[in-house]
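**Student:** To start, I am sharing the structure in question, which I have written as structure tokens.
The values are calculated or read from the model by the stated rules, or taken from the named source; none is laboratory data. If you're wondering where the values come from, they're calculated on a predicted model, not measured in any experiment. When we count neighbours, we look across all protein chains shown, and the Cβ atoms used for this are built from the backbone with ideal geometry, even at glycine. Areas reflect the complete protein model, heavy atoms only, side chains present, ligands, DNA and RNA absent. Shrake-Rupley method; radii C 1.70, N 1.55, O 1.52, S 1.80 Å.
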Amino acid sequence: PGKSQIIVFHPKGMADTFAFNRVTLGSGSYINISNKVHNLGVIYEADMGFTSHVNSILSEGYQLIRNISAVRKYLPTEHLRTLVNSMIVAKIDSCNSVLYGISSYDLGRLQRFQNSCARLIYGKHKYDHVTNLFVDLHWLPVKARIMFKIICMVFKSLQNKAPLYLSSLLSYRREADATLMVPRCNSAIGERAFCVCGPSLWNALPQNIRSISSFDMFKGKLQHHLFSNFYEFHRSLMRYRT
């Protein structure tokens, strides 16, 4: 019991409706219901908000930024870029597919953190614009990085290179143009499920990208498309809902 955690996921404001706060085991031992738990590097909250997980990313990330800033003047820009990518930006990408649909507040906090990473590499000030820096670094913004990860999971699922529990959630609407069925959903939480957001994001891609069979080629084309046409891609999402 001391090494176990139990969490009950629920909509916001419904925590008080539960009639129990712990699970009793044999010999008088029990496990309390937790509001947040750790699993595979992710902090899950009962209302699926992920604010605690974002807090953890930012706390560790900004500490790394301060540490690297102290030795920045001794590093060439290219080496600094590699260091920031591997130690800091990787924290944004780790398990980021679960962050699809999080609040605009938390998404904005992550984006400001990524902006700080770009300024660190080029020695810019706090309020300097980062648009040109992102172009030079060829970085996708946080929201696009989350979508990129999910779309890559869809590709692997369709190519039978993903776990069955993911592949079984997808089915073709029309194989001719490689579009997928999108289950109807009436809640914001439900739209964050892989079986809903995955096909929605996939269908919003141009057919010439959906039809690629090589994963390396697909990733390259996908990144370029999101980098060059992200706002157009984002607007087209609802157009492909069934």
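**Student:** I'd like to know if the range 88-107 contains one or more residues that are open to solvent by less than 70 Å² (accessible area, probe 1.4 Å), of a type in the set (Val, Ile, Thr) and free of Cβ contacts under 8 Å to residues at least 24 places away in the same chain.
**Tutor:** Looking for residues that are open to solvent by less than 70 Å² (accessible area, probe 1.4 Å), of a type in the set (Val, Ile, Thr) and free of Cβ contacts under 8 Å to residues at least 24 places away in the same chain, one finds none in the range 88-107, hence no.
**Student:** Please go through the range 73-87 and pick out each residue that is surrounded by fewer than 16 Cβ atoms within 10 Å (Cβ to Cβ) and assigned to a helix (DSSP H, G or I). Even if it seems obvious, please write down each step before you answer.
**Tutor:** Of the residues in the range 73-87, the ones surrounded by fewer than 16 Cβ atoms within 10 Å (Cβ to Cβ) are 73-79, 82, 85-86.
Correct list: 73, 74, 77, 78, 79, 82, 85, 86.
**Student:** Let me ask you something else. Could you please let me know if residue 80 is under 30 Å from residue 121 (Cα atoms), in contact (Cβ under 8 Å) with a residue 24 or more places away in the chain and not small (Gly, Ala, Ser)?
**Tutor:** Values: under 30 Å from residue 121 (Cα atoms): yes; in contact (Cβ under 8 Å) with a residue 24 or more places away in the chain: yes; not small (Gly, Ala, Ser): yes.
Yes.
**Student:** May I ask you to list the residues in the range 180-232 that are part of a loop (DSSP other than H, G, I, E, B) and in contact with a strand residue (DSSP E or B) (Cβ under 9 Å, 6 or more places away or on another chain)?
**Tutor:** Result: 181, 182.
**Student:** Looking at (1) surrounded by 17 or more Cβ atoms within 10 Å (Cβ to Cβ); (2) at positive phi, which is the only condition residue 148 fails?
**Tutor:** (2)
**Student:** May I pose another question? Look through the range 26-40, keep the residues that are modelled with pLDDT under 85 and open to solvent by 60 Å² or more (accessible area, probe 1.4 Å), and return whichever of them is farthest from residue 55 (Cα to Cα). Even if it seems obvious, please write down each step before you answer.
**Tutor:** Step one: filter the range 26-40 for residues modelled with pLDDT under 85, giving 26-28.
In the following step, the residues that additionally are open to solvent by 60 Å² or more (accessible area, probe 1.4 Å) were identified as 27-28.
Working: 27: 38, 28: 36 Å.
Going through the qualifying residues, I end up with 27.
**Student:** How many residues does the range 182-194 contain that are surrounded by 14 or more Cβ atoms within 10 Å (Cβ to Cβ) and either of a type in the set (A, V, I, L, M, F, W, C) or under 18 Å from the mean Cα position of the chain (by Cα) (or both)?
**Tutor:** Taking the range 182-194 first, the residues surrounded by 14 or more Cβ atoms within 10 Å (Cβ to Cβ) are 182-183, 185, 189-194.
The next check asks that each one be either of a type in the set (A, V, I, L, M, F, W, C) or under 18 Å from the mean Cα position of the chain (by Cα) (or both); those that pass are 182, 185, 189-194.
The total comes to 8.
**Student:** Of the residues in the range 195-234, how many are touching a residue at least 60 places away in the same chain (Cβ under 8 Å), under 12 Å from residue 152 (Cα atoms), buried (at least 16 other Cβ atoms within 10 Å of the Cβ) and hydrophobic (A, V, I, L, M, F, W, C)?
**Tutor:** 2
**Student:** Out of everything in the range 165-179 that is in contact (Cβ under 8 Å) with a residue 12 or more places away in the chain and either in a strand (DSSP E or B) or small (Gly, Ala, Ser) (or both), what residue ends up being surrounded by the most Cβ atoms within 10 Å (Cβ to Cβ)? Steps first, please.
**Tutor:** At the first step, the residues of the range 165-179 found to be in contact (Cβ under 8 Å) with a residue 12 or more places away in the chain are 166, 169-170, 173, 177-179.
Now restrict to residues that are either in a strand (DSSP E or B) or small (Gly, Ala, Ser) (or both): 173, 178-179.
Values: 173: 15, 178: 17, 179: 19.
The qualifying residue surrounded by the most Cβ atoms within 10 Å (Cβ to Cβ) is 179.
**Student:** Additional query: Would you say residue 136 is acidic (Asp, Glu) and touching a residue at least 24 places away in the same chain (Cβ under 8 Å)? Quick ask: steps written out before the conclusion?
**Tutor:** Details: acidic (Asp, Glu): yes; touching a residue at least 24 places away in the same chain (Cβ under 8 Å): no.
Here the answer is no, as residue 136 does not meet what is asked.
**Student:** In the range 41-66, how many residues are within 15 Å of residue 118 (Cα to Cα) and open to solvent by 70 Å² or more (accessible area, probe 1.4 Å)?
**Tutor:** Selection size over the range 41-66: 2.
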